[in-house]
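Report on the structure given below.
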Amino acid sequence: MPPRPSQETATVPVLRRIDAGSVSALRSQALWHGIAAAMGPEDPPVLSFCRPEEPYVCLGYHRRLAELDLDACAARGLPVLRRQIGGGPVYLDADQLFFQLTLPARRAPAHIGRLYERMLGPAAAALCRLGVPARLAHTNDIVAGGRKISGTGAGQIGDGVVVVANVMFAFAHEEMAAILSVPDQAMRDECLRLMRAHLGTLPRLDPDTVTAALTDAYADALGATVSDSALSDAELAAVRDWERRLDDPAWTAGPPLPASAGRQVKIRAGVWVYDRRGDGLAVQITVEDGRVVRAAITLADAGVDSAVLERALIGVAAEAGALAARLEEFGDDGVRVRDALAPGMVVR
């Protein structure tokens with residue numbers, strides 16, 4: 001297998017494109033891990049594509065495995081993989097096209113906002129050219145018509161910085177809701193409702209058309225010519241190394257993490273559900289577009305009717321200061337609810 005081209009020896013900037021096609025669940029994650037791990041400081045950027053042959057579940061490295069209902073995953077035959085970069089649990093399958101842009105760390109913007117703008121802006125532009133009114137919002141969401149249409153993430157692996165994303169041609173909302181570990185059916189139902197309302201798909205597009213549009217957009221943005229490429233020997237070795245690592249139960253179990261104060265499920269920026277229980281208190285709120293739209297409160301030994309507190313929260317901005325100002329009007333009972341909700345205002 002020939003060595004991969006060096007940016008310094010190329011007469012014009014080069015964008016290597018690696019289209020792995022349909023691959024196993026394990027390879028679909030190991031592919032971009034390995035490309036980033038094998039990248040050298042003078043290497044050209046790599047735009048890679050793949051689609052998983054079978055459905056699976058994936059979560060970020062610094063997330064608790066307890067966020068997943070592992071029994072539900074097992075019952076559905078869904079492997080669980082843990083990726084090196086961050087982010088919560090996601091359901092992935094063949095109805096999604098994965099794409100990743102990887103470049104040497106020294107050439108990547110250090111500021112996370114600039115990184116996403118540079119590396120995801122071309123993806124939004126490509127979808128616009130295909131008739132989708134896509135734009136980059138809230139740092140790293142690609143949205144169209146108010147709905148998130150691409151899950152994204154970024155991180156550094158070795159000397160490579162990689163931004164990963166997907167295009168969803170269809171999405172199994174029910175499956176995603178079913179594999180989440182949540183305290184009750186009400187929260188599961190609410191997660192499903194929010195997914196249907198705020199996650200969009202692009203069923204009228206096909207993977208080949210999107211792949212071509214993304215390739216052209218990234219080549220334009222980088223001022224580069226496209227070189228179709230296979231994995232180099234070094235990249236293939238790194239991909240296989242990452243397959244072994246990602247398949248290791250110890251890696252899947254993840255690092256030791258502090259206990260969570262409550263359970264939060266984020267659907268997209270500004271949309272999430274949070275639940276907190278204990279000490280005679282149960283609070284569950286739904287946030288849409290940054291404001292509380294639903295609240296369910298059970299408060300033992302309270303002087304204020306829970307229904308009054310629930311109504312008081314509706315429409316309040318989902319930030320610690322605004323919630324505190326509203327709830328403190330209700331004395332000690334309001335303070336108890338305020339303290340229970342405070343961890344849920346830090347959205348991951």
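Data table
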quantity: Test: residue in segment 197-207 that is of a type outside the set (K, R), open to solvent by less than 20 Å² (accessible area, probe 1.4 Å) and within 30 Å of P44 (Cα to Cα); calculated: no
quantity: Residue in segment 20-38 that is crowded, with 22+ Cβ neighbours inside 10 Å, at pLDDT 95 or above and over 23 Å from Q96 (Cα atoms) present; calculated: yes
quantity: In segment 162-177, residue nearest to G60 (Cα to Cα) [restricted to those that are open to solvent by less than 20 Å² (accessible area, probe 1.4 Å) and either of a type in the set (D, E, K, R) or assigned to a helix (DSSP H, G or I) (or both)]; calculated: M176
quantity: Meets criteria (in contact with a Ser or Thr (Cβ under 8 Å, 6 or more places away or on another chain), in contact (Cβ under 8 Å) with a residue 40 or more places away in the chain and open to solvent by 40 Å² or more (accessible area, probe 1.4 Å)) for V273; calculated: no
quantity: Which listed residue, of V226, V182, is over 15 Å from the mean Cα position of the chain (by Cα) and assigned to a loop (DSSP other than H, G, I, E, B); calculated: V182
quantity: Number of positions in segment 130-150 that are open to solvent by less than 50 Å² (accessible area, probe 1.4 Å) and either farther than 19 Å from A219 by Cα or within 14 Å of the chain's Cα centre (by Cα) (or both); calculated: 11
quantity: Hits in segment 64-87 (condition: small (G, A, S) and open to solvent by 20 Å² or more (accessible area, probe 1.4 Å)); calculated: A66, A74, A75, G77, G86, G87
quantity: Of the criteria (1) in contact (Cβ under 8 Å) with a residue 12 or more places away in the chain; (2) on the phi < 0 side of the Ramachandran plot, which one T139 fails; calculated: (2)
quantity: Some residue of segment 246-269 being loosely packed, with under 14 Cβ neighbours inside 10 Å, among the polar types (S, T, N, Q), touching a residue at least 24 places away in the same chain (Cβ under 8 Å) and touching a Pro at 6+ places or on another chain (Cβ under 9 Å); calculated: yes
quantity: In segment 89-129, the residues that are modelled with pLDDT of 95 or more, under 19 Å from the mean Cα position of the chain (by Cα), surrounded by fewer than 18 Cβ atoms within 10 Å (Cβ to Cβ) and more than 18 Å from D19 (Cα to Cα); calculated: V90, G121
quantity: Residue match in segment 250-257 (condition: of a type in the set (S, T, N, Q) and farther than 27 Å from A126 by Cβ); calculated: yes
quantity: Residue match in segment 156-167 (condition: touching a Gly at 6+ places or on another chain (Cβ under 6 Å), at pLDDT below 95 and of a type outside the set (A, V, I, L, M, F, W, C)); calculated: no
quantity: Some residue of segment 47-63 being assigned to a helix (DSSP H, G or I) and closer than 19 Å to L120 by Cα; calculated: no
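Here is a yes/no grid of residues against (1) more than 24 Å from R27 (Cβ to Cβ); (2) modelled with pLDDT under 95; (3) not in a strand (DSSP E or B):
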{"site": "A217", "(1), (2), (3)": "yes, no, yes"}
{"site": "A221", "(1), (2), (3)": "yes, no, yes"}
{"site": "A230", "(1), (2), (3)": "no, no, yes"}
{"site": "A234", "(1), (2), (3)": "no, no, yes"}
{"site": "R245", "(1), (2), (3)": "no, no, yes"}
{"site": "R277", "(1), (2), (3)": "yes, no, no"}
{"site": "A296", "(1), (2), (3)": "yes, no, no"}
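Here's the yes/no breakdown for (1) within 28 Å of E288 (Cα to Cα); (2) part of a loop (DSSP other than H, G, I, E, B):
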| residue | (1), (2) |
| --- | --- |
| G87 | yes, yes |
| T102 | no, no |
| L136 | yes, no |
| Q156 | no, no |
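The values are calculated or read from the model by the stated rules, or taken from the named source; none is laboratory data. Please read these numbers as outputs of a predicted model, since none were measured by experiment. With ideal geometry, Cβ positions are generated from the backbone for all residues, glycine too; neighbour counts draw on all protein chains shown. Please note that ligands, DNA and RNA were not included when accessible areas were found on the heavy atoms of the full protein model with its side chains. Shrake-Rupley method; radii C 1.70, N 1.55, O 1.52, S 1.80 Å.
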